[in-house]
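The values are calculated or read from the model by the stated rules, or taken from the named source; none is laboratory data. Remember, predicted model here, so these are calculated numbers, not experimental data. Virtual Cβ from ideal backbone geometry, glycine too; neighbours counted across all protein chains shown.
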Amino acid sequence: MKSHLLIVLAVTLLASQVALACPFCSAPSLTLSEQLTQADATVLVKWVDGKSPTEKSAGTTTYSIVQISRGSKETLKVNDKLTVPRYRAGKKDDLFLLFGTKDKEIDWSSPLEVTEVTYQYIVQAPSPESPTAKRLEYFLKFLEFSDQLVSNDAYGEFANAPYEDIVKIKDKMDRAKIAKWVTSKETSPTRMGLYGLLLGLCGNDDDAKMMEKKIEEQVQDFRLGIDGLISGYLLLTGEKGMETIDRSKLRDKKAPFSETYAAMQALRFMWTYGNGRVSKERLRQSMRELLDRPELADLVVADLARWEDWSVQQRLMNLYGQGEYSIPSIKRAIVRYLLTAAKVQPPKAEEPKKEDLKNEDPAAPKPKPEALPASALQARANLEKLREMDPKTVKEAERFFFLQ
């Protein structure tokens, strides 16, 4: 159980960092384009000489300016020498990129070793002020580039990008190339989530079959990116694919916890971004399957509350305090579920039109206000039962209940 909780905590923290970015990418980093834009000065230099560090000094490195990308050309000139108060090993004419911050003098960052190709990739990239979709179209071409610095940076651009902007370039994606990345053992596991998602946007039926086979592999090790792969599969298959996920990840008690949690993440993704590819009720149905997993129950109950699924009230009351469900986090989640359900109001009556008000008979009886939904009344009654049965937990849950 402890390892399960650690996985959930790690993934939850990661999700909070990238909530506005690519849902299945590693935490965003500062990309080279952003570093270029934020620097007061940026120069391409070549290594000339260096003095090794001593007990009293960090050493020095001398470079010759090859090209000025950013900064005043009055104070920086091509072929001028720059001496940085840090030693960096190098060979004659090795190329580096220096980013500088201007104070009284320019403070140069640690040198970034580059090639001429890398440098051209950086300076030719659309600026961060350009539309995100236009930028992604450029970086798409470099996702598996031979220069790792370039490919990692291109991946970082996708990691920073909102999903809505990734969708905009789906017609520019090379389906066959992305499918190859998904199946290749050479692909970094950290990129599988993104590539699975991209294939879900541009793939075909053959890709869906390949993804299904990969999803259903019997594994015990933690698989990075399986959540993105499942989400891409569901984008391609819709409700037909839900049965595969239910059977292999949600209902199967032998499925590794990490795989089940990845499927849960995919359900959340489809709820937010699926655009009706899987109906809301079908997603609720699959999420309810996870109530049989005590190690996930508190998270599941919270999702069902957000998704306004009030069909499981009695089931939750039956589970409350029973066996493996008798832990504080699950009990608090159930109380918060009921608190949320109890606040549901009847739909607002349609405002009468002005002409109808003019012709209204003052003697006519006024319409009665709509009654509270049955689910809200049931939730209030269940809360009263729990207040008698477990007042401490109810009080704790109410204290930290911020839903409006």
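Before moving on, here are some points about what is shown:
- Any hit, region 207-227, residues being in the same structural domain as ALA266 (by TED's automatic domain parsing), touching a Lys or Arg at 6+ places or on another chain (Cβ under 9 Å) and aromatic (Phe, Trp, Tyr): no
- Residues that are more than 20 Å from GLU281 (Cα to Cα), out of contact with any Lys or Arg (no Cβ under 7 Å at 6 or more places or on another chain) and not in a helix (DSSP H, G or I) occur at least once in region 241-253.
- Here ILE68, ILE122 are screened, and the one residue that is closer than 18 Å to GLN35 by Cβ, in contact (Cβ under 8 Å) with a residue 60 or more places away in the chain and either outside any loop (DSSP other than H, G, I, E, B) or not basic (Lys, Arg) (or both) is ILE122.
- Taking the listed residues ALA154, ALA159, the one that is in a helix (DSSP H, G or I) and closer than 27 Å to ASP221 by Cα is ALA159, with no other qualifying.
- From the options THR260, THR237, THR190, residue that is at pLDDT below 95, hydroxyl-bearing (Ser, Thr, Tyr) and not assigned by TED's automatic domain parsing to the domain that holds SER311: THR190
- The one condition in (1) within 29 Å of ALA154 (Cβ to Cβ); (2) in a loop (DSSP other than H, G, I, E, B); (3) of a type outside the set (Lys, Arg); (4) modelled with pLDDT of 95 or more that VAL278 fails to fulfil: (1)
- Number of residues in region 87-111 that are surrounded by fewer than 16 Cβ atoms within 10 Å (Cβ to Cβ) and farther than 17 Å from GLY71 by Cα equals 5.
- Residues within region 182-222 that are of a type in the set (Val, Ile, Thr), closer than 15 Å to TYR233 by Cα and more than 21 Å from the chain's Cα centre (by Cα), tallied: 1
- Residue-level check: of (1) more than 20 Å from the chain's Cα centre (by Cα); (2) part of a loop (DSSP other than H, G, I, E, B), ALA179 misses just (2).
- Among all residues of region 58-72, there is none that is under 30 Å from ALA161 (Cβ atoms), under 28 Å from the mean Cα position of the chain (by Cα) and modelled with pLDDT of 90 or more.
- Meets criteria (more than 30 Å from TYR138 (Cα to Cα), without any contact (Cβ under 8 Å) to a residue 60 or more places away in the chain and either surrounded by fewer than 23 Cβ atoms within 10 Å (Cβ to Cβ) or among the small types (Gly, Ala, Ser) (or both)) for ALA208: no
- Which numbered condition GLU74 misses (of (1) touching a residue at least 12 places away in the same chain (Cβ under 8 Å); (2) assigned to a loop (DSSP other than H, G, I, E, B); (3) surrounded by fewer than 17 Cβ atoms within 10 Å (Cβ to Cβ)): (1)
- Residue that is nearest to the chain's Cα centre (by Cα) [pool: residues in region 309-340 that are farther than 14 Å from ASP390 by Cα and not in a helix (DSSP H, G or I)]: ASP309
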